[in-house]
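Here the structure comes first, spelled out in structure tokens, and everything after it is commentary.
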Amino acid sequence: MQSMLFVKPPGFQGQAWHQDEIYIPTRDRSLVGAWIALDDATIENGCLWVAPKSHKTGYLYPQRPHNNDDEFDFAPESYGFGELETIPVEVKAGSVVFFNGYLLHRSHKNRSNIFRRAFVSHCMNAWSHLPWSVSDKESVATADRRGILPVAGVDPYKWKGYDNVSNDVFLRTCKAVVKKAEPAAPAVS
């Protein structure tokens, strides 16, 4: 239902603790992320870190500003879970990491001199209404923002019709300073 390409150049921030279900609100526990490493993901270049079993309760933690702009991008951080067991997910290019939408995860700043790229696809049950945003006249519980069609099977809410989907594309900006290469000195003959 959604695909993203994360390109993390050297010096680019990571993302603070969060749960994907906050941003993709299925609320039926069906959200699954498939994180595909296009480059080796290491601690040095900002691999994922996860809190094992943090998805089990199905609880969405509140969010707040993180006040650590050097380490993390503009997205808020989840909080309120106390001390966590956390592990880095270092994987080779071509590896796929699957995780539940309620799993707490983050990544740190890329401290290497190479890019760390990943392609992420999110999948969910066709029964989910996916209320991306709600107006003042509706609630998340009743909102229906299905702008997608099931890849396989039947849409159980086909009878409701479909909303027009926006063609907006969101790009994260990079605060990293990229030094321009000095021009080469002319060859002396």
Being surrounded by 14 or more Cβ atoms within 10 Å (Cβ to Cβ), of a type in the set (Phe, Trp, Tyr) and either out of contact with any Lys or Arg (no Cβ under 9 Å at 6 or more places or on another chain) or part of a loop (DSSP other than H, G, I, E, B) (or both) is the filter here, so list the residues in region 60-80 that pass it.
Tyr61
Does Leu38 satisfy being surrounded by 18 or more Cβ atoms within 10 Å (Cβ to Cβ) and out of contact with any Leu (no Cβ under 8 Å at 6 or more places or on another chain)?
no
Breaking point among (1) farther than 23 Å from Ser128 by Cα; (2) of a type in the set (Asp, Glu); (3) under 17 Å from the mean Cα position of the chain (by Cα), for Glu44:
(3)
May I ask you to say which residue of Arg172, Arg117 is among the charged types (D, E, K, R), at pLDDT 95 or above and under 16 Å from the mean Cα position of the chain (by Cα)?
Arg117
Taking Val154 and the conditions (1) at pLDDT 70 or above; (2) surrounded by fewer than 13 Cβ atoms within 10 Å (Cβ to Cβ); (3) of a type in the set (A, V, I, L, M, F, W, C), which numbered condition does it fall short on, given that it satisfies the others?
(1)
Please go through region 87-117 and pick out each residue that is in contact with a strand residue (DSSP E or B) (Cβ under 7 Å, 6 or more places away or on another chain), within 19 Å of His66 (Cβ to Cβ) and outside any strand (DSSP E or B).
Leu103, Leu104, His108, Lys109, Asn110
Could you list all residues from region 1-45 that are of a type in the set (Phe, Trp, Tyr) and either at pLDDT 95 or above or touching a Lys or Arg at 6+ places or on another chain (Cβ under 7 Å) (or both)?
Phe6, Phe12, Trp17, Trp35
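The values are calculated or read from the model by the stated rules, or taken from the named source; none is laboratory data. Values in this document were obtained by computation on a predicted structure and should not be read as measured data. Reconstructed Cβ throughout: ideal geometry from the backbone, glycine too, with neighbour counts over all protein chains shown.
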